[in-house]
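Contents: one structure, followed by commentary.
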Ligand code: BTN
């Protein structure tokens with residue numbers, strides 16, 4: 001596959017940058033990678049903190065014939081693509097946390113290694129474009145760890161050696177292109193089994209944190225063919241979309 005690689009010494013957010021470039025008609029397959037992000041964006045309006053050399057931060061622009069309605073499960077597929085890229089370089093313990101975090105069990109606790117933020121352009125029907133933003137922790141310094149409310153870990157710490165960020169980027173892009181092409185052809189259902197096989201909380205008891213602050217206990221039973229989470233709760237089997245809940249291990 002071909003990518004149009006743009007290496008930016010400093011940018012506020014590679015996602016914000018590519019959203020703007022996309023409107024200007026930048027090519028399918030454009031990847032913006034930042035050495036420094038000054039205002040990295042996370043999911044749910046959070047900020048993504050990173051230090052120079054401390055993380056691999058990039059965004060990929062992917063254009064689709066279908067509208068946003070046809071892209072359900074996309075963010076889960078991106079997580080799976082990255083997981084497979086990491087497994088390829090020997091990081092076999094990396095798992096997924098629904099909807100799309102990369103996590104690892106380390107010193108008895110789940111630690112976040114990276115996250116994904118997808119922003120869409122276009123309407124539900126017509127052609128659409130996705131800006132797929134990815135942040136992978138390489139090295140987390142103590143001062144930064146204290147600013148993040150959940151346990152986080154760098155890939156270098158996990159690997160026990162300093163990874164070559166350029167090589168890692170190359171492997172991620174190759175895996176992303178492959179998975180994006182398969183997703184375009186078959187949709188999420190093609191990945192459903194594989195995704196569940198790598199889910200950190202599969203069949204596990206969890207607490208669901210609802211948007212209104214309520215906490216609902218349950219047990220994860222799987223992901224549906226459009227990517228929603230299936231949980232057995234006191235009210236029976238329920239499905240949740242990524243916007244509705246966040247999941248904590250119980
Ligand atoms: C999350 O876990 O909340 C998602 C984090 C996504 C961070 C990446 S870093 C590159 C890209 N540009 C951004 O501003 N955010 C994403």
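Which of the residues spanning the range 20-60 are assigned to a helix (DSSP H, G or I) and near the ligand (Cβ under 10 Å from one of its atoms)?
Matches in the range 20-60: 43, 44, 45.
Checking residue 242 against (1) under 22 Å from residue 104 (Cα atoms); (2) not in a loop (DSSP other than H, G, I, E, B); (3) not assigned by TED's automatic domain parsing to the domain that holds residue 84, only one condition comes out false. Which one?
(2)
Would you tally the residues in the range 93-135 being in a loop (DSSP other than H, G, I, E, B) and either more than 13 Å from the ligand (Cβ to nearest atom) or touching a strand residue (DSSP E or B) at 6+ places or on another chain (Cβ under 6 Å) (or both)?
12
List every residue pair whose Cβ atoms sit under 7 Å apart, with the two residues 6 or more apart in sequence or on different chains, where the first one lies in the range 120-145 and is on the phi > 0 side of the Ramachandran plot and the second, anywhere, is assigned to a strand (DSSP E or B) and more than 13 Å from the ligand (Cβ to nearest atom).
122/128; 122/129
Would you point out which residue out of 70, 90 is in a loop (DSSP other than H, G, I, E, B), more than 12 Å from the ligand (Cβ to nearest atom) and assigned by TED's automatic domain parsing to the domain that holds residue 125?
90
Which one of 58, 64 is closer than 14 Å to residue 183 by Cβ and touching a residue at least 12 places away in the same chain (Cβ under 8 Å)?
One residue alone meets the criteria, 64.
Kindly indicate the residue of the range 221-245 that is under 21 Å from residue 43 (Cβ atoms), free of Cβ contacts under 8 Å to residues at least 40 places away in the same chain and touching a helix residue (DSSP H, G or I) at 6+ places or on another chain (Cβ under 9 Å) and also surrounded by the fewest Cβ atoms within 10 Å (Cβ to Cβ) among those meeting that condition.
Here the answer is 243.
Check 140, 134 and return the single one that is at pLDDT 95 or above and under 27 Å from residue 51 (Cα atoms).
One residue alone meets the criteria, 134.
Inside the range 150-216, counting only helices (runs of 4 or more DSSP H) that do not spill past its ends, which hold 3 or more residues that are closer than 28 Å to residue 71 by Cβ?
Answer list for the range 150-216: 165-186, 192-197.
The values are calculated or read from the model by the stated rules, or taken from the named source; none is laboratory data. Worth saying up front: this structure is predicted, and the values here are computed from it rather than measured. When we count neighbours, we look across all protein chains shown, and the Cβ atoms used for this are built from the backbone with ideal geometry, even at glycine.
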